[in-house]
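See below for the structure under consideration.
The values are calculated or read from the model by the stated rules, or taken from the named source; none is laboratory data. Note that the structure is predicted; figures quoted are calculated from it, not measured. As a convention, Cβ positions derive from the backbone with ideal geometry for all residues, glycine included, and neighbour counts pool all protein chains shown. Protein only, heavy atoms only, side chains kept; ligands, DNA and RNA dropped before computing areas. Shrake-Rupley method; radii C 1.70, N 1.55, O 1.52, S 1.80 Å.
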Amino acid sequence: MALLVTKFGGSSVASIDKIKLIAKKIKHLQEEGNNVVVVVSAMGDTTDELIRLACMTGGNLSNREMDMLLATGEQQSAALLALTLQGLGAKAISLTGWQAGISSDANYSKARIYEIKAKRIKTELAAGNIVVVAGFQGLSPDGDITTLGRGGSDTSAVAIAASLAADKCLIFTDVDGVYTADPRMVEKAKKLSYIGYEEMLELASLGAGILQPRAVEFAMLYRVDVEVLCSFNNNSGTLVTEVNSVEKQRVVSGIADDRNCAKIALFDVPDKPGVAMILFKTLAKHAINVDMVIQSAMRNERNDIAFTIENNDLEKALPVVEKLVKEIGASGMAYGENVAKVSIVGAGMQSNPGVAADMFEALADANINIHMISTSEIKVSCIIDEDKIQAAVQVLHKKFELDKVE
Ligand code: ADP
Ligand code: ASP
Ligand code: MG
């Protein structure tokens, strides 16, 4: 008898008809002799809809109240799924995140799970129940409701799987696996039969929306085998797992795109020790994550410094940077939201020189200008104009022959 933690995303529980479909699948898993925990997201666009309603209140959208509100979406779908399972004659119970023992820090809207006391889940499983847990939510040390960041139900599921030492975590979604690129962008994107944790973490962190990066971190840390599958067919999915053998490492496994980027440039920054420190420490103090940084060659004891941040943070960052310009004696600043990041990821690029050059060649051939570059052992990322992002993903997919990947 296996212990399975399954997760169904928003599109998989978007209507009662869909809930009925997935309930059959879940009941079948139990009938096959498995203990089954199900983590659910809110129905369809419920989370966006709740945010829209909150915006209409005229309030200042305090994080605490927003988490209180957004967590209701997952509770709805959890109860509806439990009711549907019961209607099919299965024993099922729904639990909120806190009933399931999920504790997080108090960082509202992007809280991190730090402990799961899975006693209640175990008791309910032992009583023969399918245990449906509301995803995306935890409880802060002060007993307040928190949410885990957009897409956070993935993390709830993998963290529960880790705490129960489950045999597998099955992430059911609207595509039947992890593809070489977002299938909405590249028609010929190919489903990967497997992918290593490190590569999956890079792809997720670089914008591939299929899994929340934190979920992959949990999987990697606790060695949870995660399979990404489609809710609405029985196709085999993609196994996210440990890949040690060099033969199984691909030079490039996938391409990620991220439009949530903005670029800020400071001009004529004095070239002296401590300036970058002041700039980036101040941004960090305001919880603004800096991604790529580029500093131009010095002229007349001055440099230009440009960096990228999440577009969501731009409004918060601009007054901070404007103040910094004066403080550090730069001559001015400029910003742009019309940039995007395209990245190639592959564990095999460590032992294959020339991969970055091939990437730059493909972009050059397509007349796509590169504004910034960053590399690590298993990825190369380029900041380009946003309106070229789809073309960039497509030419890179072709260049690295990803339609032939297994
Ligand atoms: P869920 O609501 O089930 O959590 P998401 O919308 O969060 O689903 O994630 C699934 C979507 O991720 C797919 O519909 C797909 O468009 C997108 N996606 C982005 N990159 C990839 C990729 N490399 N492989 C598969 N899907 C991807
Ligand atoms: N409902 C939340 C969101 O839309 C969490 C999730 O779907 O995983 O981000
Ligand atoms: Mg998701």
**Asked** Could you sort Ser351, Ser156, Ser62 by accessible area so the largest value comes first, with the probe set to 1.4 Å?
**Response** Ser351, Ser62, Ser156
**Request:** Please give the FRET efficiency for Asn260 paired with Ala334, using the beta carbon to beta carbon distance and R0 = 25 Å, rounded to the nearest 0.05.
**Result:** 0.80
**Request:** Set the Förster distance to 41 Å, then compute FRET efficiency between Glu32 and Glu115 from the Cβ-Cβ distance, nearest 0.05.
**Result:** 0.85
**Prompt:** Whole-Hz Karplus ³J(HN,Hα) for segment 44-55, in order, using 6.51 cos²θ - 1.76 cosθ + 1.60 and θ = phi - 60°, x for Gly and Pro?
**Reply:** x, 9, 3, 4, 4, 5, 5, 5, 4, 4, 4, 4
**Fill in**
Here P(r) for segment 1-123, Cα-Cα distances in 10 Å bins, as whole percents, is 12, 39, 33, 14, 2, 0
**Distance (nanometres) between label positions extended 7 Å along Cα→Cβ at Arg299 and Asp271** = 1.2
**Prompt:** Once label points are set 7 Å from the Cα along Cα→Cβ at both Ala364 and Asp403, what is their separation, rounded to one decimal in nm?
**Reply:** 2.5
**Asked** Leaving out same-chain residues fewer than 8 places away, which lysines sit with a Cα under 16 Å from that of Lys398?
**Response** Lys188, Lys190, Lys191, Lys388
**Request:** For Glu247 and Glu187, compute 0.36 nm times the residue count separating them, minus their Cα-Cα distance, and round to one decimal in nm.
**Result:** 18.9 nm
**Fill in**
Heavy-atom accessible area of Tyr114, protein chains in place, probe 1.4 angstrom, given in Å² to nearest 10, is 130
**Complete:** Which residues qualify? For Met43, with a placed amide H closer than 5 Å and at least 5 residues away or on another chain, they are Ser77
**Complete:** Site Leu83, offset 7 angstrom along Cα→Cβ, radius 17 Å on amide nitrogen, limited to segment 231-253, gives none
**Asked** When all alpha-carbon pairs of segment 264-406 are counted, what percent fall beyond 22 Å?
**Response** 48
**Under the Debye formula (equal points on every Cα, no solvent term), log10 I(q)/I(0) of the chain at q = 0.08, 0.09, 0.10, 0.14 Å⁻¹** = -0.48, -0.60, -0.74, -1.27
**Message:** Suppose we keep just the DSSP beta bridges with both residues in the chain; what percent of those would be antiparallel, to 5?
**Reply:** 60
**Message:** Please compute the length gained on full extension between Gln76 and Thr123, using 0.36 nm multiplied by the number of residues separating them and subtracting their Cα-Cα distance.
**Reply:** 14.7 nm
**Prompt:** Semi-axes, largest first, in whole Å: what does sqrt of 5 times each Cα gyration tensor eigenvalue give for segment 69-130?
**Reply:** 24, 16, 5
**Prompt:** Using the eigenvalues of the Cα gyration tensor, what equivalent ellipsoid semi-axes result for segment 357-406 when each is taken as the square root of five times the eigenvalue, whole Å, largest first?
**Reply:** 17, 14, 9
**Fill in**
Taking only protein heavy atoms and a 1.4 Å probe, the highest-to-lowest accessible-area order of Arg214, Arg250 is Arg214, Arg250
**Request:** Excluding residues fewer than 8 places away in the same chain, name every one of the aspartates and glutamates whose C-alpha is closer than 16 Å to that of Lys24.
**Result:** Glu32
**Complete:** If one compares the long axis through the Cα atoms of helix 213-222 with the longest principal axis of the Cα atoms of the chain, the angle in degrees, nearest 10, works out at 70
**Asked** Considering amide H positions built from the backbone, and no H for Pro or chain starts, which residues 5 or more places from Ala208, or on another chain, come under 5 Å of its amide H?
**Response** Asp257
**Request:** Would you mind estimating how fast segment 210-313 diffuses translationally, via Stokes-Einstein at 20 °C and 1.002 mPa s with the Kirkwood radius over Cα pairs, in µm²/s?
**Result:** 120
**Prompt:** So what does Thr375 come to for accessible area, using a 1.4 Å probe and Å² rounded to 10?
**Reply:** 90
**Asked** Just how large is the dipole of the chain about the Cα centre, in debye to the nearest 20, putting +1 at every Lys and Arg Cβ and -1 at every Asp and Glu Cβ?
**Response** 800
**Request:** Taking just the C-alpha trace of segment 115-264, give me its Rg and Dmax in Å.
**Result:** 16.5, 57
**Using alpha-carbon coordinates, inclination of helix 153-164 to the longest axis of the chain, degrees** = 60
**Request:** Could you work out how far helix 314-328 tilts from the main Cα principal axis of the chain, as a 0 to 90 degree angle to the nearest 10?
**Result:** 30
**Prompt:** Which of the lysines could a cross-linker span from Lys117 if the Cα-Cα distance has to be under 28 Å and same-chain partners fewer than 8 positions apart are dropped?
**Reply:** Lys7, Lys25, Lys27, Lys91, Lys168
**Separation of alpha-carbon centers, segment 1-44 and segment 251-328, rounded to whole Å** = 44
**Complete:** With -39,500 (n - 2.57) per DSSP H segment of 4 or more residues and division by the full residue count of the chain, the 222 nm estimate, nearest 500 deg cm²/dmol, is -10500 deg cm²/dmol
**Prompt:** What distance in nm separates the simple spin-label points at Asp48 and Ala106, each placed 7 Å from Cα in the Cβ direction?
**Reply:** 3.3
